[in-house]
Amino acid sequence: SAAPSLVNLRNLFQVMVAADHRYGPVYGFGLAQTVVRHLARAGYDAGLPVILLGSSGGGQISLAAAPYLAAALDAPIGVVTVGGVMASDRGLDHVVRLTSLAGAKDGVHRFGRRVFPGRWPVMAESSWNRARAEGRLVEREIGPMGHAGKGSYLDPDAVTAAGVPFLRVTVAAVARAVGETLAAGGQSPSNGRPATAARSTG
């Protein structure tokens, strides 16, 4: 089926728009407004950490919204991505932690490493490499997953060599990342209730 390829192509176009210095801020501001409205409707308590969950292009979109959310909410902002495709976005300067979870067979995720110069090791002063040097950026390989479809992160039928379903591995990795993000923002899973806004484009 051509559907997964078309979805991936759509996601990459979204990434390029959100990463563009001309259009990205407008895109991020619009998303931040939407997140703030949803948080208000959900009874968000001021100051609680907000963790954005994004798959594929949702990682870049989350970073684009981070500066506006940090300013509007005056709260710690974290980002957790699964197979995220991201540039060295200025949003990295406004998050307490970005955790990038990826599968060993995810070629779409690796696309971001090559295409965005700010992620290259030689660009030591980029937002991406500064966040990594400061320990606010964590990249973690979680298993032999692909990007989408069969054998991907949410495939309940595919299993690791140890027999653990990919879906279970992914959920456990996200839960761990959320706990680490809470700790980075001065909360813990036992004393802080995070407000989590999910944005998935995978």
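The values are calculated or read from the model by the stated rules, or taken from the named source; none is laboratory data. Please read all numbers here as calculations on a predicted model, not as lab measurements. Heads up, the Cβs are rebuilt from the backbone with ideal geometry, glycines too, and the neighbour counts pull from every protein chain shown. Remember, those area values only see protein heavy atoms, side chains included, never the ligands or the DNA or RNA. Shrake-Rupley method; radii C 1.70, N 1.55, O 1.52, S 1.80 Å.
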Considering residues of the stretch 46-66 that are open to solvent by 10 Å² or more (accessible area, probe 1.4 Å) and either part of a strand (DSSP E or B) or touching a helix residue (DSSP H, G or I) at 6+ places or on another chain (Cβ under 6 Å) (or both) only, the residue modelled with the highest pLDDT | LEU53
Complete set of residues in the stretch 39-69 that are charged (D, E, K, R) and without any contact (Cβ under 8 Å) to a residue 12 or more places away in the chain | ARG41
Of all residues in the stretch 97-118 being modelled with pLDDT of 95 or more and in contact with a Lys or Arg (Cβ under 6 Å, 6 or more places away or on another chain), the one that is least open to solvent (accessible area, probe 1.4 Å) = LEU101
Could you list, in sequence order, all residues of the stretch 149-165 that are closer than 23 Å to LEU63 by Cα and open to solvent by 40 Å² or more (accessible area, probe 1.4 Å)?
-> LEU154
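Okay, residues lined up against (1) of a type in the set (A, V, I, L, M); (2) touching a Lys or Arg at 6+ places or on another chain (Cβ under 7 Å):
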| position | (1), (2) |
| --- | --- |
| ALA75 | yes, no |
| ARG136 | no, yes |
| ASP155 | no, no |
| ALA162 | yes, no |
